[in-house]
Amino acid sequence: MTPRVDVLVLLHNSRAWIPGFLAGLRRISIPVTIYILDNDSSDGCADAVAHELAGLPFRIHLFRSPRNNGFAGGMNRLARQSSAEFMFILNPDTEMEEGCLEKLVSRAESDSRIAICEARQYPREHPKTFDPVSGETSWCSGAAALIRRAAFDDAGGFDERLYFMYCEDIDLSWRLWLRGWKCIYQRDAVVRHFTQDLMPGKSRTSENYFSFRNSLFLFYRFRTGRDWPLLRKFLSRRFLSSAYSVKSKILFAIAMVDHIRYIPYLISSRGSWQDRDHPWVRLKESSLSH
């Protein structure tokens, strides 16, 4: 039976999470093909995964990159390698519960305009709203999401020119909404996600830098006239409040300067939706509001 789902996984120094991740894969009961790209890891996680692959009942392709392509670039490369109708993008620091992928596929098949079906994450979920009846939501996290290939191709995939890590999933979701597709949150499809917040002592320098800079990207690309106060509040909190250290504020200033070179591309790539309002494109439900 030809699989209708390709599972796409990026590795980058992910060895600590491999046992739980593989346990989740073993719970999949439908035919899938798995595509894994190691993004220049230094902890041997690719070797650890390769050692366990023979025990999985799926066809698996493992690629190794001599450079870190980031999330957007890495996923775009895996998307080009794969071919199934649906792509399930899955973080290696997750563990799927029984029936997770199957429930996502069932929901996506129920409506041909569904572009992305996102699984519920625990113990911590992103603070965003969703319609309790339809499951429609502002954006879908890239930690565990089923994507319809036709929709992904229609939107041009992840924008790797802008996003190395963080906010690329929000950007893709909103471009899909604006092209007439839907983003769905499927509460009964569940993954455990070991986020950075649950890892004491881990450096957040890269997270703070890219989250700040990429939040500005979202503003330039998707803002409407009513969103300027949100930007002013975002910048005021980062630079004027005591919530962030001097070191963090210096990092934000560097990111602020760095984002300037992208402004022409951001403005030109706003496309036909410029200043167009959409009920699910909500900057207030992104990192701009935190």
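The values are calculated or read from the model by the stated rules, or taken from the named source; none is laboratory data. This structure is a prediction, so every number in the text was calculated from the model and none was measured. Here Cβ is always computed from backbone atoms with ideal geometry, including for glycine, and neighbour counts include all displayed protein chains. What goes into the accessible areas is simple: the full protein's heavy atoms, side chains included, and nothing from ligands, DNA or RNA. Shrake-Rupley method; radii C 1.70, N 1.55, O 1.52, S 1.80 Å.
Output the residues belonging to the range 13-55 that are within 19 Å of Met87 (Cβ to Cβ), touching a Lys or Arg at 6+ places or on another chain (Cβ under 7 Å) and not aliphatic (A, V, I, L, M). Selection gives Thr33, Asp38. List every residue pair whose Cβ atoms sit under 9 Å apart, with the two residues 6 or more apart in sequence or on different chains, where the first one lies in the range 231-256 and is touching a residue at least 60 places away in the same chain (Cβ under 8 Å) and the second, anywhere, is part of a helix (DSSP H, G or I). From residues that are touching a residue at least 60 places away in the same chain (Cβ under 8 Å), there are no pairs.
Listed by first and then second residue, the pairs linking a residue in the range 1-30 that is modelled with pLDDT of 95 or more to a residue that is polar (S, T, N, Q) and open to solvent by 80 Å² or more (accessible area, probe 1.4 Å), with Cβ atoms under 8 Å apart and 6 or more places separating them unless they lie on different chains, are Asp6/Ser83. Going through (1) open to solvent by less than 60 Å² (accessible area, probe 1.4 Å); (2) touching a helix residue (DSSP H, G or I) at 6+ places or on another chain (Cβ under 9 Å) one by one, Ser241 falls short only on (2).
Every residue, every condition in (1) open to solvent by 60 Å² or more (accessible area, probe 1.4 Å); (2) touching a strand residue (DSSP E or B) at 6+ places or on another chain (Cβ under 8 Å); (3) not polar (S, T, N, Q), yes or no:
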site	(1), (2), (3)
Val105	no, yes, yes
Glu109	yes, no, yes
Cys117	no, yes, yes
Gln121	no, yes, no
Thr129	yes, yes, no
Val133	yes, no, yes
Cys140	no, yes, yes
Ala143	no, yes, yes
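Identification of helices (runs of 4 or more DSSP H) wholly contained in the range 204-290 with 2 or more residues that are closer than 18 Å to Ile170 by Cβ and in contact with a His (Cβ under 8 Å, 6 or more places away or on another chain) yields 205-222. Answer yes or no: is there a residue in the range 276-285 that is over 23 Å from the mean Cα position of the chain (by Cα) and at pLDDT 95 or above. Looking through the range 276-285, none of the residues is over 23 Å from the mean Cα position of the chain (by Cα) and at pLDDT 95 or above. Screening Lys128 with (1) of a type in the set (Lys, Arg); (2) out of contact with any helix residue (DSSP H, G or I) (no Cβ under 8 Å at 6 or more places or on another chain); (3) in a loop (DSSP other than H, G, I, E, B) gives one miss only, at (2). Reported count of residues in the range 104-133, each being over 23 Å from Arg4 (Cβ atoms) and out of contact with any Phe, Trp or Tyr (no Cβ under 8 Å at 6 or more places or on another chain), is 11.
Restricting attention to the range 21-34 and to residues that are open to solvent by 20 Å² or more (accessible area, probe 1.4 Å) and not charged (D, E, K, R), the residue that is nearest to the chain's Cα centre (by Cα) turns out to be Ala23.
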